[in-house]
Amino acid sequence: MSKVLITGSAGFIGYHLAKLLLDQGWQVLGIDCLSDYYDIALKQRRHGMLAQTPGFQAAEVDIRDLDALDKPLRDFAPDVIVHLAAQAGVRYSIENPRTYVETNVTGTFNVMEYARELAVDHLLMASTSSVYGANTEMPFVETQKVDTQMTLYAATKKANENMAHSYAHLWRLPTTMFRLFTVYGPWGRPDMALFRFVKDGFNGTPIDVYNHGRMERDFTYVTDLVHAIALLIDAVPPQAEGRGELVNGDTVSPAAPHRVVNIGNSDKVALMRFIEEIEAALGFELKKNMKEMQMGDVPATWADCSLLQTLTGYAPQTDVRTGVRAFVEWYRDYYRV
């Protein structure tokens, strides 16, 4: 039975990925520090549900603490590492930039060190659509130059991609970076727009709509996302010795077994349409505060996921109406509203 380490396993995406891999028969070690960036009770609940499944074990460890990682990782000896733990949030990176460097750079370095020492078969790490920064040519393709990040959060994620490339080159460590596009769904993060809009709606509080609603996002439903990650785990990893025969549009480096893959829904959805779907699911209209664009934000994201489909035969396709309704149903049940 194969073993996978998932960092950030009490997080939104980590929980869903761990659940899927456990269902597929993997042994899973979940690492999470249960930070107070948002409601710890939500994270504890996710871990508690995972703990009910045979094959799951958890270690409450901060990835910034290299020594604390040592025993659980060596005892478990994973075949694969999926690194999701990060200080998330584009806007929070403007308020508290230091934690992004400490977690996303130093913490990621620590994870890569253990991936090297344990000689894992495949290291997969989360990046973000935010690395495309000021790029305006869409849909975003992995081969585009990405040197114009707009926030420190995005810059730390681009640094992760570069750090991973160097380790892949130096230690022949097969590495896949996946760039995520606006993930949403049940058990989501309270700082994300969908969660905030629904919460504010039930509280009768006006929602903040930035750039007067003139924004578009490639919304990716969480179960589609983790299914794609699971398929990338099983796909042939970047080759450790030479690139071999590349598939069309592949991003395997000529200098390292390192690949970058977009995971999105391959569709732009206008923010105002997204809000309309929330209102339809709630059954009432949301009060709105129309505001200017926030610092560091971008007007649109849109993923070209041709490479993902070529590598795995899969493309996310849950429409926002279905996804939003599933989230609202979960929210009503979880918070009893």
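Rounded to the nearest 20 debye, what is the charge dipole size of segment 1-63 about its Cα centre when +1 sits on each Lys and Arg Cβ and -1 on each Asp and Glu Cβ?
Working: 5 positive and 6 negative charges, 46 e Å.
Value, rounded to 20: 220 debye.
Could you tell me how many cubic angstrom of Cα convex hull volume segment 167-213 has per residue? Before the final figure, lay out the partial values.
Numbers: hull volume 6.0 nm³, N = 47.
For segment 167-213, the hull spanned by Cα atoms encloses 127 Å³ per residue.
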When all protein chains stay in place, what accessible area (Å², nearest 10, 1.4 Å probe) is found for residue 175? 0 Å²
Within the chain, which is the longest segment that contains none of the GluC sites (Glu not before Pro) sitting in a DSSP loop with at most 13 other Cβ atoms within 10 Å? 1-136
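Using only alpha carbon pairs under 8 Å that are at least six residues apart, calculate the relative contact order of segment 14-153 and give it in whole percent.
Values: 150 pairs, mean separation 30.2, N = 140.
Here the relative contact order equals 22 percent.
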Of all lysine pairs in the chain that are eight or more residues apart or on different chains, those with Cα atoms under 26 Å apart total 23
So, with +1 on the Cβ of K and R and -1 on the Cβ of D and E, and no other charges, what is the size of the charge dipole of the chain about its Cα centre, to the nearest 20 debye? 460 debye
Pick from 51, 315, 164: which is most flexible by mean-square fluctuation in a GNM of the chain where alpha carbon atoms under 10 Å apart are linked? 51
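When N counts the residues of the chain, how does its alpha-carbon radius of gyration compare numerically with 2.2 N^0.38 Å, as a ratio?
Numbers: Rg = 19.2 Å, N = 337, 2.2 N^0.38 = 20.1 Å.
Compared with the compact-globule rule of thumb, the chain sits at 0.96.
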Rel. contact order, % - alpha carbon contacts under 8 angstrom, at least six apart, segment 1-56: 41 percent
Computed over the chain: relative contact order in percent, which uses C-alpha pairs under 8 Å that are six or more apart: 18 percent
Jot down the radius of gyration and Dmax of segment 114-181, Cα atoms only, both in angstrom. 13.0, 40
Helical contribution to [θ] at 222 nm, DSSP H n ≥ 4, -39,500 (n - 2.57), averaged over the chain, rounded to 500: -12000 deg cm²/dmol
Measure nothing fancy, just the Cα-based angle from helix 108-118's long axis to the longest principal axis of the chain, in degrees from 0 to 90, nearest 10. 30 degrees
C-alpha long axis of helix 320-335 to longest principal axis of the chain, angle in °: 80 degrees
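Let me know the Kirkwood hydrodynamic radius for segment 175-269, please, with Cα pairs as the basis and the value in Å to one decimal.
Values: mean 1/r = 0.0626 Å⁻¹.
After inverting the pairwise mean of 1/r, the radius is 16.0 Å.
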Taking only protein heavy atoms into account and a 1.4 Å probe, give the accessible area per residue of segment 10-156 in Å². 43 Å²
Taking only Cα atoms and a 10 Å spring cutoff, compute GNM fluctuations for the chain and point out the largest among 49, 150, 163. 49
When the C-alpha atoms of segment 1-109 are aligned to their principal axes, what extent does each axis show, in angstrom, from largest down? 43, 27, 17
How far, in degrees from 0 to 90, does helix 66-76 lean away from the longest principal axis of the Cα atoms of the chain, to the nearest 10? 70 degrees
Can you give the Rg and Dmax of segment 47-150 based on its C-alpha atoms, in angstrom? 16.5, 46
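Starting from the Cα gyration tensor of segment 195-337, take the square roots of the eigenvalues, sort them a ≥ b ≥ c, and report rounded, prolate or oblate (rounded when a/c is under 1.5, otherwise prolate if a/b is larger than b/c, else oblate).
Values: a/c = 3.16, a/b = 2.06, b/c = 1.53.
In terms of gyration-tensor shape, prolate.
The values are calculated or read from the model by the stated rules, or taken from the named source; none is laboratory data. What you are looking at is a predicted structure, and each value in this text was computed from that prediction instead of being measured. Please note: Cβ atoms are built from the backbone with ideal geometry, for glycine as well, and neighbour counts cover all protein chains shown. Remember, those area values only see protein heavy atoms, side chains included, never the ligands or the DNA or RNA. Shrake-Rupley method; radii C 1.70, N 1.55, O 1.52, S 1.80 Å.
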